[in-house]
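The values are calculated or read from the model by the stated rules, or taken from the named source; none is laboratory data. Everything numeric here is computed off the predicted structure, so don't read it as measured data. Cβ coordinates were reconstructed from backbone atoms using ideal geometry, including for glycine residues, and neighbour counts include every protein chain displayed. The area values use the complete protein model at the heavy-atom level, side chains included, leaving out ligands, DNA and RNA. Shrake-Rupley method; radii C 1.70, N 1.55, O 1.52, S 1.80 Å.
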Amino acid sequence: MIKIGVFLMSLGLGYYAASSLQWFGYKLERAIFHHTRPVWHLYFLLIPVCLFMVACVLEIELLGLGVAILYILALFVWQKSLSHKLIFTPKIKRFFGILLIFAVFSGIFANEFTALFYIFMNLLFTILISNLIEMIIWQKFKNKATQKLALMPNLKVILITASYGKTSMKNFLFHLLKDDFSVYKTPRSVNTITGILKDINENLPTDTQIYIAEAGAREKGDIADIAKFLSPQLVIIGEIGLSHIEYFKDIKFTRQTKLEALESKRLEMAFVHSSTLLTSGPNIRIYDQNITNISSDLNGICFEMQNEKFQSNLLGKFNAQNLAAVISVAKFLQVENLIYKVQNLPSVEHRLQKIQANGKFIIDDSFNGNFNGMKTSYELAKTYQGRKVLLTPGIMEGDKSQNIELSKIINDCFDLVVITSRLNEKELKTHLNKPKVLNLFDKNDMQNFLAKNTEPNDLILFSNDAPSFM
């Protein structure tokens, strides 16, 4: 029975480890020390292992088997409640293939005295061998992508990075350029070197004239890897702020990492936000210094730039800066009719996206998780003449004091606030004293909850989103 217990415990720990690693970019340190729900390490790692260890020490085989079975059942119930379940990618399938070999082997040789040793060795060796295999596969991916780009010598690469607004700028720029060039952009929020390599190999059309790539970072060197590989001719470095400050610790390190985008041997021009602290030069332009007369309401935004007036149906004053960046790039590429093209830009999905449903005015801003953007959306919602409902987990990746400041703004804007994550629940509830406050931690109940707690003519703002592991 102990042998079966070792087998089941190995698979269970592997499932929990694989889930955590996938959530946190396969960075072991982040999965262990920066997990947003560290209490899960207690529930799904320490307690099960300790109980199994007690069964082994007491040499009660039936108890050990019972602990292992209960652990598997607990993991099954747990994963059913997750909004971001483990995705069985080829990488994860290889992980479990390796683990299964070790688990079968240990199931043959383990006994009461060696059970824990085998369980931890199974997981440790699986992680080590899996990482080695992925490094080999990654290098092959890189070589293949390098060869493909070599066959496209006239391809112009535009790299976009920022603390906020990367994906929006990427989508806006794509729509401004697509009628004049054959343009391809990285899909969704693909912004790591691994994701970009995979996208180039599998999706980038060989007749593409302009490739727009988004670059994200969690640590120093992340953007440098992308910039050195793609060697972009044009770079946008947007606003730099406190997003992901828990990884960088200090905004100066965030800034240094974003500026790695300039490490390109083919750089022709960089369009940068003033928060980069750079000055204009032969190949650097500060794009947000040219914006004036910005106005914003629930119908859209209006601003002036270099004696031209631009209007857009996009919501949020901050989008004037995002548009200024992409307009600057489009002008550099000699694109015409920009006033018309800006006016007809579609909104980016889940970023201040307006939706009418059942007589309710819904604003989906669930992909906006930074303080300035959320603050702007709240002030925008405040202009609505009617009952205002906010659904938010607060700021998930940033300085925790920002949730306190956000609460003060929320107090003046909303009638009902629905907190959708336990991570910031205490901070938000402590400082929200005017609106009615409710909790909604299970997204499966969202439809029934809104039907019960909202009314026709309500404005409902979905502000930021949090996966269940946060």
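Within the set of other residues whose C-beta is less than 12 Å from the C-beta of residue 183, count the net charge using Lys and Arg as +1 and Asp and Glu as -1.
+1
With everything on Cα atoms, drop me the angle between helix 166-177 and the longest principal axis of the chain, reported from 0 to 90° to the nearest 10.
Rounded to the nearest ten degrees, it is 50.
Please compute the length gained on full extension between residue 79 and residue 266, using 0.36 nm multiplied by the number of residues separating them and subtracting their Cα-Cα distance.
Gain in length upon complete extension: 62.7 nm.
Only one of the listed values, [x] 34.7; [y] 24.3; [z] 31.9, was derived from the coordinates as mean projected area of the Cα convex hull in nm²; which label is it?
Step by step, mean projected area of the Cα convex hull in nm² for this structure corresponds to label [y].
Pop out the ³J(HN,Hα) list for the range 219-235 in order, Karplus 6.51 cos²θ - 1.76 cosθ + 1.60 with θ = phi - 60°, rounded to Hz; leave Gly and Pro as x.
With coefficients 6.51, -1.76 and 1.60, one gets 7, 4, x, 4, 6, 4, 4, 5, 5, 5, 6, 7, 6, x, 7, 10, 9 Hz.
Place +1 on the Cβ of every Lys and Arg and -1 on the Cβ of every Asp and Glu in the chain, take the dipole about the Cα centre, and give the residue among 13, 48, 431 whose Cα lies farthest towards its positive end.
Result: 13.
What size of dipole, in debye to the nearest 20, comes out for the range 1-85 about its Cα centre when the only charges are +1 on Lys and Arg C-beta atoms and -1 on Asp and Glu C-beta atoms?
With Lys and Arg at +1 and Asp and Glu at -1, about 380 debye.
Give the calculated FRET efficiency between residue 408 and residue 182 to the nearest 0.05, with a Förster radius of 41 Å applied to their Cβ-Cβ distance.
The pair residue 408/residue 182 has a calculated efficiency of 0.25.
List, in order, the whole-Hz ³J(HN,Hα) value for each residue of the range 137-143 obtained from phi through the Karplus relation with A = 6.51, B = -1.76, C = 1.60 and θ = phi - 60°; use x for Gly and Pro.
5, 4, 5, 5, 4, 5, 4
What are the residues whose amide H is under 5 Å from the amide H of residue 417, where those residues sit 5 or more places off or on another chain and H is modelled from the backbone?
Under 5 Å from the amide H of residue 417 lie the amide H atoms of 390, 436, 437, 438, each far enough along the sequence or on another chain.
Need the C-alpha centroid separation for the range 215-244 versus the range 266-322, integer Å.
Here the answer is 19 Å between Cα centres.
Amide H of residue 272 versus every other amide H placed in the peptide plane: which residues, excluding those fewer than 5 positions away on the same chain, fall under 5 Å?
Under 5 Å from the amide H of residue 272 lie the amide H atoms of 237, 285, 286, 287, each far enough along the sequence or on another chain.
Work out, step by step, the length gained on full extension between residue 455 and residue 88: first 0.36 nm times the residue separation, then minus their alpha carbon distance; give nm to one decimal.
My answer for the length gained is 128.1 nm.
Which FRET efficiency value, to the nearest 0.05, is calculated for residue 448 and residue 219 with the Förster distance at 30 angstrom and r the Cβ-Cβ distance?
0.15
Rounded to the nearest 20 Debye, what is the dipole magnitude of the chain about its Cα centre when Lys and Arg each give +1 and Asp and Glu each give -1 at the C-beta?
With Lys and Arg at +1 and Asp and Glu at -1, about 360 debye.
Suppose every K and R has +1 on its Cβ and every D and E has -1 on its Cβ; what is the size of the dipole of the range 377-423 about the Cα centre, in Debye to the nearest 20?
180 debye
Using helices alone, what [θ] at 222 nm do you get for the chain, with -39,500 (n - 2.57) per DSSP H run of 4 or more residues, divided over all residues and rounded to the nearest 500?
Only helices count here, giving -14500 deg cm²/dmol.
Out of 420, 197, 273, whose Cα points farthest toward the positive end of the dipole of the chain (charges: +1 Lys, Arg; -1 Asp, Glu; placed on Cβ)?
Value: 197.
Could you work out how far helix 401-411 tilts from the main Cα principal axis of the chain, as a 0 to 90 degree angle to the nearest 10?
60 degrees
Given axes a ≥ b ≥ c from the Cα gyration tensor, I'd like to know whether the range 350-445 is rounded (a/c under 1.5), prolate (a/b larger than b/c) or oblate.
rounded
Quantify, in whole percent, the carbon and sulfur part of the accessible surface of the range 376-416 (1.4 Å probe; protein heavy atoms only).
It is 45 percent, rounded to a whole number.
Rounded to the nearest 0.05, what FRET efficiency do residue 47 and residue 112 have when you use their Cβ-Cβ distance and R0 = 30 Å?
Efficiency computed from Cβ-Cβ geometry: 0.95.
Which Cα, out of 33, 235, 446, lies furthest along the positive dipole direction of the chain (beta carbon charges, K/R +1, D/E -1)?
Value computed over the given set: 235.
Longer than 32 Å from Cα to Cα, which of 341/408; 140/443; 85/317; 93/148; 27/382 are they? Say none if no pair is.
Correct reply: 341/408; 140/443; 85/317; 27/382.
If packing is taken as the average number of other Cβ atoms within 10 Å across a peptide's residues, how do 322-334, 60-72, 196-208 rank, most packed first?
Highest mean packing first, the order is 322-334, 60-72, 196-208.
For residue 120 and residue 233, calculate 0.36 nm times their separation in residues minus their Cα-Cα distance, and state this gained length in nm to one decimal.
Fully extending the segment from residue 120 to residue 233 adds 35.9 nm.
Each label point is 7 Å from the Cα along the Cα-to-Cβ direction; what then is the distance between the points at residue 201 and residue 311, in nm?
Here the modelled spin labels are 4.9 nm apart.
When the Karplus curve 6.51 cos²θ - 1.76 cosθ + 1.60 is applied with θ = phi - 60°, which whole-Hz ³J(HN,Hα) does each residue of the range 102-116 get, with x for Gly and Pro?
With coefficients 6.51, -1.76 and 1.60, one gets 5, 5, 5, 4, 5, x, 7, 9, 6, 9, 4, 8, 10, 4, 5 Hz.
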